[in-house]
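Asker: Handing you a structure now.
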Amino acid sequence: MIFRILIFLVSMGAAVASITQVDVTASFINQRLTGRDTFEFYFATCHGRDGTGNGPIASSLKIPSTDLTILAASTGGQFSRELVRELVTHDGQTDAPAHESSDMPIWGTIFRTLETSDQVVETRIENLIEYVESIQAR
């Protein structure tokens, strides 16, 4: 009888841990992968914390960092999520033709090596795109 109770308690603990893990993971993904945090951690060194292209290593780049705050203005006032996604992920290519060089890391590939879940990678990229959209000059 004690053995059955122990098995029951262990299985209930595993079930609760599993449910808690799913909830914690979804919450963790949303909190951990804010677009601003991803931008500041991975993109600010080149593009600057404000996105204007004045990051601390921008002057050492062969091609100047893009001012990400004027992307919408440079395309007739319309922000292109698809363009930003392509620039970030390079659409799986190993070079960066949109950047005219391969100096910019292939962030989609890098994010996929850092994360174990495609959902997490997609959430990170979507949140980043939303952040870049939010810093557009008005």
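The values are calculated or read from the model by the stated rules, or taken from the named source; none is laboratory data. Quantities reported herein were computed from a predicted structural model and do not represent experimental measurements. Here Cβ is always computed from backbone atoms with ideal geometry, including for glycine, and neighbour counts include all displayed protein chains.
Asker: Exactly one of (1) outside any helix (DSSP H, G or I); (2) touching an Asp or Glu at 6+ places or on another chain (Cβ under 9 Å) is unmet by Ala44. Its number?
Answerer: (1)
Asker: Just the residues that are modelled with pLDDT of 95 or more, farther than 17 Å from Trp107 by Cα and assigned to a helix (DSSP H, G or I), please, taken from segment 52-70.
Answerer: Thr69, Ile70
Asker: Specify which of the listed residues (Gln21, Gln31) is out of contact with any Cys (no Cβ under 9 Å at 6 or more places or on another chain), more than 15 Å from Ile135 (Cβ to Cβ), outside any loop (DSSP other than H, G, I, E, B) and at pLDDT 60 or above. Lay out the reasoning, then the answer.
Answerer: On the way: Gln21 fails: at pLDDT 60 or above.
It is Gln31.
Asker: Please indicate, with yes or no, whether at least one residue in segment 110-121 is at pLDDT 90 or above, among the charged types (D, E, K, R) and surrounded by fewer than 20 Cβ atoms within 10 Å (Cβ to Cβ).
Answerer: No; the residues of segment 110-121 include none that is at pLDDT 90 or above, among the charged types (D, E, K, R) and surrounded by fewer than 20 Cβ atoms within 10 Å (Cβ to Cβ).
Asker: If you don't mind, there's one more thing I want to ask. Please work out which residue is modelled with the lowest pLDDT, limiting yourself to segment 71-108 and to residues that are in a helix (DSSP H, G or I) and of a type in the set (Ser, Thr, Tyr). Don't jump to the end; show me each part of the working.
Answerer: Initial filter on segment 71-108 (in a helix (DSSP H, G or I)): 71-74, 81-92, 97-99, 107-108.
Still in the running and of a type in the set (Ser, Thr, Tyr): 74, 89.
Working: Ser74: 91, Thr89: 86.
Taking the candidates together, the pick is Thr89.
Asker: Quickly run through segment 116-138 and pick out the residues that are of a type outside the set (S, T, N, Q) and more than 13 Å from Thr38 (Cα to Cα). Steps first, please.
Answerer: Filtering segment 116-138 down to residues of a type outside the set (S, T, N, Q) leaves 118, 120-122, 124-126, 128-133, 135, 137-138.
Scanning segment 116-138 gives Asp118, Glu133, Ile135, Ala137, Arg138.
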